[in-house]
Amino acid sequence: MSSITRLEQPIALWTAARWVVLLITVGLIVAFWVYPDWSLAILWYVLIPVLPAVFLVNVELWRNVCPLATLNMLAGKVAGSRIPPRSWFTVAGVLGMVLLAVMVPARRFLFNVDATVLGITVVAVCVLAIAGGLAFGMKAGFCNAVCPVLPVERLYGQRPLIGTPNARCIPCTLCTKGCLDLVPQRSAQIQVGNGSAGPKWVVTAYGMFALAFPGFVIAYYLLQDGVLADAASVYGTVAVWSLGSWIVLAALFSLLKTLPAQALIICAGLAVGLYYWYAPPGIATQFGLPGAFTWTMRVVMLGLVAFWLVRGLGLSTNGRAGATA
């Protein structure tokens, strides 16, 4: 068993924190119209770069305060509990990955340069979170279903470095299968379904996402910010690199007969490691920071990723040994 430091913060503290984060989100949305350049810089070069590291430490640190989750569950409390059909999560999971694949590349020709459109999009996603709460109980309508960040949360949240409680779903209603809040170590693996016992997992929806994601990250950083007319080229580049990543990693893992549990951790380590290699220069340029910042951030963050990856693979191997003993 892993040794995880458990943080037992009072529920009241989490409640206060999520309201603060929600207010900050509202302020940021307003700033998209009032201070567009400033708000874009804060979002893309300060807030977003922090999240992958937070997910590695423990994804609950974010999920406990996520403003979309707050809206989702507030709407759910108003409408009451409704249990979705089993088929909902299969469809919703694919939809969430599609939304991620559409929205992230759109930064290059739209969201990175047009704060007004970004503000409208954020409001639309907030409405979607509210609608999900009105449709189904707890997190079943949005957070554990169509949220475009959920696939990444599952991937990076597989081996939390600290134990942080789920401070939202009290009591838990088992609203979904393989809930990230309940079983973070297994949530990603559960998504590959019946193919998890053999090589077929690489052609499941989530398996394809995990294998393609490192290439997806590379493609994003090979591109430059442009205009709407560049959309086809942007999506084409992302598609080619994602497909190449899926082919190479699927072949490699199949050849080496790597267990899905270990392969998913490697995919996560590759993707987040690539992110923290490519992101620091952009942050330094945005704020006029010296070159030392880039290398300092790379060393620190890649050190965290390496520790997470080695630890995660070790736990995966030990877990396998324990299961077969």
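The values are calculated or read from the model by the stated rules, or taken from the named source; none is laboratory data. Predicted model, so just to flag it, every value in this text is computed and none were measured. Ideal geometry is used to build each Cβ from the backbone, glycine not excepted, and the neighbour counts take in all protein chains shown. These area figures cover heavy atoms from the full protein model, side chains too; ligands, DNA and RNA do not enter into them. Shrake-Rupley method; radii C 1.70, N 1.55, O 1.52, S 1.80 Å.
Straight Cα distances below 26 angstrom link LYS139 to the lysines LYS77, LYS177, with same-chain residues fewer than 8 positions distant left out.
Computed from the Cβ-Cβ distance with R0 of 25 Å, the FRET efficiency linking VAL78 to LEU47 stands at 0.30. Work out from phi, with θ = phi - 60° and the Karplus expression 6.51 cos²θ - 1.76 cosθ + 1.60, the ³J(HN,Hα) of each residue of segment 136-153, listed in order in whole Hz, and give x for Gly and Pro. Working through the residues one at a time gives 9, x, 6, 9, 5, x, 9, 4, 9, 9, 9, 4, x, 8, 4, x, 6, 4 Hz. Every helix of 4 or more DSSP H residues in the chain counts as -39500 (n - 2.57), and over all residues that averages to -22500 deg cm²/dmol at 222 nm. Between PHE293 and LEU23, the simple spin-label model (points 7 angstrom out along Cα→Cβ) gives 2.8 nm. Shown is the FRET efficiency for VAL91 and ALA306, computed with R0 = 51 Å from the Cβ-Cβ distance and rounded to the nearest 0.05: 0.90.
Remark on GLY163: its backbone amide H falls under 5 Å from those of THR5, ARG6, LEU7, a criterion applied only to residues 5 or more positions apart or on other chains, H modelled at 1.01 Å from N. Rolling a 1.4 angstrom probe over the chain with all protein chains present gives an accessible area of which 73% lies on carbon and sulfur atoms. Scalar couplings 3J(HN,Hα) for segment 66-78, obtained by applying the Karplus form with A = 6.51, B = -1.76, C = 1.60 to θ = phi - 60°, are 3, x, 5, 5, 4, 5, 4, 7, 5, 5, x, 5, 5 Hz; x denotes Gly and Pro.
Per residue, the accessible area of segment 236-308 comes to 49 Å², computed with a 1.4 Å probe over protein heavy atoms only.
Taking label positions 7 Å along the Cα-Cβ direction at both LEU243 and VAL102, the computed distance is 2.1 nm, reported to one decimal. Note on segment 153-298: Cα Rg divided by 2.2 N^0.38 Å, N the number of residues, gives 1.23. Rolling a 1.4 Å probe across all protein chains gives VAL46 an accessible area of roughly 60 Å². Normalised per residue, the accessible area of segment 1-121 is 52 Å², obtained with a 1.4 Å probe and no contribution from ligands, DNA or RNA. Note on the chain: Kirkwood hydrodynamic radius from all Cα pairs is 20.5 Å, rounded to one decimal.
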